[in-house]
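S.K.: Mind having a look at this structure? Questions to follow.
The values are calculated or read from the model by the stated rules, or taken from the named source; none is laboratory data. In this text the structure is predicted, and so the values were computed from the model without any measurement. Don't worry about glycine lacking a Cβ; one is built from the backbone with ideal geometry, like all the others, and counts go over all protein chains shown.
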Amino acid sequence: MAHTYDEFKIRDGKILLYRRSDSGDNWHCRIKFPSKPYIRRSLKTDSREEAKQLAEEIFAELNYKSKRGLAVTSRKFRAVAKSFVEQLDARVAKDTINDKRAHDYKLVIDRYLIPYFGKKSIDNISDADVERYREWRKVYWISGEGSKAEFIEYERGGKLIRSPKRKPKLPSNNTLNKEDSVLRQIFQHGRVHGFITQEEIPIIKNQPVKKNRRPAFDVKEYRRLIRVAYWRYKKAPDENVAARRRLLHEYVLFMVNAGTRPIEAATLRWRDVETFTAKNSEGEQQEYIKISVRGKAKKRTCVPMPRIAVYLERIKAAQIEHGKQNDFTVEPDDLVFRDRYGKSVKSFKKGFDELLEASGLTYDNHNLKRSIYSLRHTYATFRLIYGGVNVYDLAENMGTSVQMIEKHYGHLKPEDVAERLTRVVM
């Protein structure tokens, strides 16, 4: 049976009020502005006169926004955030953002942003709302919703992981800034889709972050690290340990001469390594290596030190030998860093920590604990001090910003670059 509707228009047809006549349902309105899609609202009343008054109020509010260039169509924050997540999935499929970063964004959205802002219209979130959110977020694990949880659940590699909750503490300003970055991106996503204007986006200020010195190795320490790594695999108790330590030795050499991130090295394939020729400073043609890496965000190309060719040749030769023993081949699409059974090495952390301890290099002179990332920092430091590379070229090659280079390597002293500072150019 077809339903019949009560309906009438006001404001010269700009507002249509309607409801099902056979049920006594609440009234709804449909409002039309030039060059805009229809805007529908539930008036939540069955009174004709009250519905008319409410529709007039909605029209007046939207008309005010329209005349001032503000968004007249809006969405709940939850809907815009979910739309942003769909866009993230599309970017992962196109390889313009890596899985880990997308996963981290989703975690922030599902755990903090949607629970707090979800029911609010995105264009009604104010500066004060953002400040109140930040206070709520700071105590989330201490006295808020997170304090009630005995375990933390998250997804990794398609599997649901359940781990005991750590002792709660206030999040660092660096953590808050990273999470605020996700919030900014959701607002910009809403702006692009017409749910909020730039003027309506609240101010989200970065929190001050202490300038961190990143622990690296000086030349003497680096040579010691390599020497110990070499003797550890030479004196390994069995073939399995020897293979792991030998690959770690090559990995350390690779990282300090390429400056890649650990995730970029972990996803590097043989087809990503190419040679090319270009003129050197003497005007002569010289052969170089370039590697295509993917990791933190999108794909990029970097040019490592030429000696990296030797390390890659040794890694490939070892893989070929292991393949003969364990029935696997080495193909262009295979990962560069694989174990003796042809399986990918997901992390060198444990082996590297053991190497640091064996070398007596776990902490630097400022008592900062070193990690695998210290190899990337060593690359940057060596290029600045000994390579004479300017920060702009270095930032491009490392896939980072000039600001990050200056922020984390600004501790270099003038005497560290004395030769470069006093170089005479005629």
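S.K.: Tell me yes or no: at least one residue of region 88-95 is among the basic types (K, R), under 20 Å from P37 (Cβ atoms) and not in a helix (DSSP H, G or I). Break it down stepwise before answering.
M.R.: As a first pass, look at region 88-95 and keep what is among the basic types (K, R): 91, 94.
Adding the requirement that they be under 20 Å from P37 (Cβ atoms) leaves none.
Checked against the condition, which is being among the basic types (K, R), under 20 Å from P37 (Cβ atoms) and not in a helix (DSSP H, G or I), region 88-95 yields no hits at all.
S.K.: Residue check: is E57 under 16 Å from R41 (Cβ atoms) and out of contact with any helix residue (DSSP H, G or I) (no Cβ under 6 Å at 6 or more places or on another chain)? Can you show your working first?
M.R.: On the way: under 16 Å from R41 (Cβ atoms): yes; out of contact with any helix residue (DSSP H, G or I) (no Cβ under 6 Å at 6 or more places or on another chain): yes.
So E57 passes the test.
S.K.: Also, quick follow-up: Look at region 271-318 and say how many of its residues are aromatic (F, W, Y), surrounded by 12 or more Cβ atoms within 10 Å (Cβ to Cβ) and under 17 Å from N397 (Cα atoms).
M.R.: So in region 271-318, the residues aromatic (F, W, Y) come out as 276, 288, 311.
Add one more test, that the residue is surrounded by 12 or more Cβ atoms within 10 Å (Cβ to Cβ), and what stays is 288, 311.
From what's left, under 17 Å from N397 (Cα atoms): 288.
Number satisfying all stated conditions: 1.
S.K.: Right, something else. Identify the residue in region 353-411 that is over 21 Å from M305 (Cβ atoms) and among the small types (G, A, S) and, among all such residues, is modelled with the lowest pLDDT.
M.R.: Across region 353-411, the extreme among qualifying residues is G410.
S.K.: For V228, indicate whether it is among the β-branched types (V, I, T) and outside the structural domain of S371 (by TED's automatic domain parsing).
M.R.: Numbers: among the β-branched types (V, I, T): yes; outside the structural domain of S371 (by TED's automatic domain parsing): no.
It is false that V228 is among the β-branched types (V, I, T) and outside the structural domain of S371 (by TED's automatic domain parsing).
S.K.: With respect to the numbered conditions (1) surrounded by 12 or more Cβ atoms within 10 Å (Cβ to Cβ); (2) assigned to a helix (DSSP H, G or I); (3) modelled with pLDDT under 85, which one is the sole condition not fulfilled by A55?
M.R.: Looking at each condition in turn, A55 falls short on (3).
S.K.: Go through D104, D46, D123, D95 for me and flag whichever is over 30 Å from K169 (Cβ atoms), out of contact with any helix residue (DSSP H, G or I) (no Cβ under 7 Å at 6 or more places or on another chain) and assigned by TED's automatic domain parsing to the domain that holds H193. Explain how you work it out, then say what you get.
M.R.: Values: D104 fails: over 30 Å from K169 (Cβ atoms); D46 fails: assigned by TED's automatic domain parsing to the domain that holds H193; D123 fails: out of contact with any helix residue (DSSP H, G or I) (no Cβ under 7 Å at 6 or more places or on another chain).
Residue meeting the stated conditions: D95.
S.K.: Here is a further query. With respect to S83, determine if the residue is over 30 Å from E179 (Cβ atoms), of a type in the set (S, T, Y) and surrounded by 14 or more Cβ atoms within 10 Å (Cβ to Cβ). Write out each step before concluding.
M.R.: Details: over 30 Å from E179 (Cβ atoms): no; of a type in the set (S, T, Y): yes; surrounded by 14 or more Cβ atoms within 10 Å (Cβ to Cβ): yes.
No; evaluated as a whole, the condition is false for this residue.
S.K.: In a loop (DSSP other than H, G, I, E, B) and touching a helix residue (DSSP H, G or I) at 6+ places or on another chain (Cβ under 9 Å), is that true of W136?
M.R.: On the way: in a loop (DSSP other than H, G, I, E, B): no; touching a helix residue (DSSP H, G or I) at 6+ places or on another chain (Cβ under 9 Å): yes.
In short, no.
S.K.: Can you tell me which condition Y112 does not meet? The list is (1) modelled with pLDDT under 90; (2) out of contact with any His (no Cβ under 6 Å at 6 or more places or on another chain), and all the others hold.
M.R.: Unmet condition: (1).
S.K.: Hey, among the residues in region 189-225 that are surrounded by fewer than 14 Cβ atoms within 10 Å (Cβ to Cβ) and part of a helix (DSSP H, G or I), which one's modelled with the lowest pLDDT?
M.R.: Only one residue fits best here, namely E199.
S.K.: Run N390 past the list (1) touching a helix residue (DSSP H, G or I) at 6+ places or on another chain (Cβ under 7 Å); (2) farther than 21 Å from P262 by Cα and report the number of the one that doesn't hold.
M.R.: Just one mismatch for N390, condition (1).
S.K.: How many residues does region 73-103 hold that are in contact (Cβ under 8 Å) with a residue 24 or more places away in the chain and under 12 Å from the mean Cα position of the chain (by Cα)?
M.R.: Result for region 73-103: 6.
S.K.: Another question, then. Just for region 261-280: of the residues that are closer than 12 Å to S292 by Cβ and assigned to a helix (DSSP H, G or I), which one is nearest to the chain's Cα centre (by Cα)?
M.R.: Applying the filter and picking the extreme gives E264.
S.K.: If I142 satisfies every condition in (1) modelled with pLDDT of 85 or more; (2) loosely packed, with under 14 Cβ neighbours inside 10 Å; (3) in a helix (DSSP H, G or I) but one, which is the exception?
M.R.: (3)
S.K.: Related question: What number of residues within region 231-263 are without any contact (Cβ under 8 Å) to a residue 60 or more places away in the chain and farther than 17 Å from E313 by Cα?
M.R.: 9
S.K.: Follow-up question, since we're still on this one. Assess whether A265 counts as being under 18 Å from P304 (Cα atoms), among the small types (G, A, S), buried (at least 21 other Cβ atoms within 10 Å of the Cβ) and not assigned by TED's automatic domain parsing to the domain that holds K100. I'd like the intermediate steps shown before the answer.
M.R.: Working: under 18 Å from P304 (Cα atoms): yes; among the small types (G, A, S): yes; buried (at least 21 other Cβ atoms within 10 Å of the Cβ): yes; not assigned by TED's automatic domain parsing to the domain that holds K100: yes.
Yes; evaluated as a whole, the condition is true for this residue.
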